[in-house]
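All of the numbers you see were taken from the coordinates with simple rules; none came from a lab. Please read all numbers here as calculations on a predicted model, not as lab measurements. Methodologically, a virtual Cβ is constructed for each residue, glycine included, from the backbone with ideal geometry; neighbour enumeration extends over all protein chains shown.
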Amino acid sequence: VAKGRGSGQVEVFDEDASHRSRDRLDLRSELLLARDRGQLHLAYQPIFALDSRAIVAFEALLRWTHPHHGNVPPDVFIPLAEESGAIVEIGQWVMEQACRQLAQWHRLPEGRGLGMSVNLSPVQLHQAHAAERTLGVIRAAGLHPADIWLEITEHSYLRHEVTQYASALGAAGVHLVLDDFGTAYSNLSYLKRLPIEILKIDKSFVSGVTGGHLDISIVRAILAIADSLGLVAIAEGIETEEQRTTLRGLGCRLGQGYLLSRPLPAAQAGLLLRPQEQMPARARNAR
Ligand code: C2E
Ligand code: MG
Ligand code: MG
Ligand code: MG
């Protein structure tokens, strides 16, 4: 029974303890069924160079269009997919779709050198040979590991698996992104343990960057950390021109947010690509 958590509800989200484990199974099969029935798709949000507005990469964001409940937001179904274990297969599917789409864009002159950023759930790392499987998917699409950015937000569990997996992929050339940087799940100690190359400044700081000294100071501090460690910073959740200008002024080179573009279906996202002549060097040289 759906209970007051907004519109994106399905019955299997029932919190009743006696039904939980059965519901988890239901959700697991429902999500996998949703995939098989074409109810899952990826939206792509561009990551821009803030000065030239060139697109350096897209972030793949999972969408579920439920036949009765409409658009179920990932913040609702990803945690449930993690609990049910469905995220292992769904995550693999996301990687396959994202790689296939990027390979398609790479065949266009204006898509050359473009990156694809994929969100990773630590639960996916439960499976054996997770790193090899991910690299297998990337190569099967005809891509190089360096075409892929992997966004990590860690939970306190599974640290060892995350470290092993991320180190293996980093060594193969995949760019590791620390998502939601500055929040509880994403902290400085990862910078020591993982070969992170890119920091995403959490949108909670970006939204306040024009409002007061505190958020500006935090963003400035994050940019200083990135700079001194030789990392690239991306500001996420840029919604106003004033935020974009302020972030540029603080020295942030890359950003994404509704101001620049919402996450889009593949066909529309592809239309944003511009001929390569207008492109500066992509991500690595963008700092
Ligand atoms: P995230 O990785 O931090 O993604 C950024 C979220 O911010 C996305 O929400 C995006 O649509 C939203 N966003 C982008 N620009 C703006 C803006 O200007 N303002 C505001 N308010 N929001 C903005 P979305 O797509 O609902 O995804 C939510 C979260 O779900 C993601 O946060 C990510 O943690 C998770 N997620 C999405 N797709 C996947 C996936 O394929 N696998 C995994 N494991 N997690 C995913
Ligand atoms: Mg992300
Ligand atoms: Mg995230
Ligand atoms: Mg984020």
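Taking square-rooted eigenvalues a ≥ b ≥ c of the alpha carbon gyration tensor, is segment 76-137 rounded, prolate or oblate, where a/c under 1.5 means rounded and, failing that, a/b exceeding b/c means prolate? Taking the square roots of the gyration eigenvalues as a ≥ b ≥ c, segment 76-137 is prolate. Indicate the gyration tensor shape class of segment 96-252 (rounded, prolate or oblate), computed on the Cα atoms with a ≥ b ≥ c the square roots of the eigenvalues: a/c under 1.5 is rounded; otherwise a/b larger than b/c is prolate and the rest oblate. It is oblate, given that a/c is not under 1.5 and a/b is not larger than b/c. In this simple spin-label model, placing a label point 7 Å from the Cα along the Cα-to-Cβ direction at both Arg193 and Arg100 gives a separation of 3.5 nm.
Just add up the charged neighbours of Val123: K/R +1, D/E -1, any other residue whose Cβ is under 9 Å from the Cβ of Val123.
Summing Lys and Arg as +1 and Asp and Glu as -1 gives -2.
Between Arg274 and Gln39, the FRET efficiency estimated from the beta carbon spacing at R0 = 35 angstrom works out to 0.60.
Computed about its Cα centre, the charge dipole of segment 68-153 is approximately 380 debye, with only Lys, Arg, Asp and Glu carrying charge at their Cβ.
Give the shape of segment 89-178 as rounded, prolate or oblate, defined through the alpha-carbon gyration tensor: a ≥ b ≥ c are the square roots of its eigenvalues, a/c under 1.5 means rounded, and otherwise the shape is prolate if a/b is larger than b/c and oblate if not. Note, shape of segment 89-178 comes out prolate. Using R₀ = 25 Å, calculate the FRET efficiency as 1/(1 + (r/R₀)^6) where r is the Cβ-Cβ separation of Gln92 and Thr183; round to 0.05. Between Gln92 and Thr183 the formula returns 0.45.
In segment 101-128, whose amide N lies under 18 Å from the spot 7 Å out along Cα-to-Cβ of His160? List them in ranges. Answer for this model: 122-128.
Packing around the peptides 38-46, 160-168, taken as the average count of other Cβ atoms within 10 Å per residue, puts them in this order, highest first: 38-46, 160-168. Considering only the other residues whose Cβ falls under 9 Å of the Cβ of Leu50, what net charge follows from Lys and Arg at +1 and Asp and Glu at -1? Charge balance in the 9 Å sphere: +3.
Can you give the extra length, in nm with one decimal, that the chain gains between Ile225 and Arg112 once fully stretched, where that is 0.36 nm per residue apart less the Cα-Cα distance?
Net length gain for the segment: 37.6 nm.
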